[in-house]
Amino acid sequence: MANNVTGLTRIIKAAGYSWKGICAAWRHEAAFRQELVAAVIAIIVACWLDVDAITRVLLIGSVLLVIIVEILNSALEAVVDRIGSEHHPLSGRAKDMGSAAVLLSILLALLVWIMLLWSYWA
């Protein structure tokens with residue numbers, strides 16, 4: 001039987017699943033907790049700074065991107081771990097690529113913050 005949940009009910013259920021995912025990331029992923037705390041601090045700083053709306057959106061968006069990529073990386077790692085605990089080159093490659101994505105998102109956020117704050121204080 002097909003799932004016929006539509007409209008507002010579907011949106012509410014999807015929001016519930018999303019919240020469960022955020023809670024699972026918080027409970028099981030130390031990196032997510034650390035990055036989320038850093039992101040909250042960065043967002044507070046971005047809201048406190050006297051910058052234009054586009055700059056604020058770029059500052060906040062860049063740190064939210066790190067959180068998004070970390071959640072995707074954690075999901076990828078969970079799936080790989082679910083498949084099997086034995087070492088396999090493809091499993092290692094998948095986990096390494098997920099980690100690389102997180103690193104690149106962090107470097108992008110740092111670049112955005114450095115460039116925008118440099119122009120703010122210059």
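When only the heavy atoms of the protein chains count and the probe is 1.4 Å, how do THR6, THR55 rank by accessible area, highest first?
Values: THR6 100, THR55 20 Å².
Of THR6, THR55, the descending order of accessible area is THR6, THR55.
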Within the accessible area of region 38-107 (1.4 Å probe), percent carbon and sulfur: 73
Sequence of SER18, SER105, SER91 from largest to smallest accessible area, 1.4 Å probe: SER18, SER91, SER105
Of (1) 20; (2) 42; (3) 17, the label for percent of Cα pairs over 25 Å apart derived from the coordinates: (2)
Gaussian network model of the chain, Cα within-10 Å springs - most flexible of ASP81, ASP52, ASP96: ASP52
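Could you work out the helix-only [θ] at 222 nm for the chain, with each DSSP H run of four or more residues adding -39,500 (n - 2.57) and the total divided by the number of residues, to the nearest 500 deg cm²/dmol? Write out the running numbers ahead of the final one.
Details: 4 runs with 105 residues, N = 122.
Value at 222 nm, helices only, nearest 500: -30500 deg cm²/dmol.
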Simple label model, 7 Å out from Cα along Cβ direction - ALA75 to ILE12, nm: 2.4
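Using the beta-carbon distance between MET115 and VAL5 and R0 = 35 Å, what value does 1/(1 + (r/R0)^6) give for FRET efficiency, to the nearest 0.05? Each step should come with its number before you reach the end.
Details: r = 45 Å, r/R0 = 1.27.
The value I calculate is 0.20.
Want the number for ALA30 to LEU107: 0.36 nm per residue separation, take away the alpha-carbon distance, what's left? Don't skip to the end; give the middle numbers.
Working: separation 77, 0.36 × 77 = 27.72 nm, distance 1.92 nm.
Contour length minus Cα-Cα distance gives 25.8 nm.
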Highest-fluctuation residue, LEU49, LEU72, LEU64 considered, GNM on the chain with Cα pairs under 10 Å: LEU49
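So with the 1.4 Å probe, I'd like the accessible area per residue for the chain, rounded to whole Å².
Heavy-atom accessible area per residue stands at 73 Å².
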C-alpha center-to-center spacing [region 3-28, region 34-57] in angstrom: 26
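The values are calculated or read from the model by the stated rules, or taken from the named source; none is laboratory data. Treat the numbers as computed from the prediction; the structure is a model and nothing was measured. So basically every Cβ, Gly included, is an ideal-geometry build from the backbone, and we count neighbours across all protein chains shown. Protein only, heavy atoms only, side chains kept; ligands, DNA and RNA dropped before computing areas. Shrake-Rupley method; radii C 1.70, N 1.55, O 1.52, S 1.80 Å.
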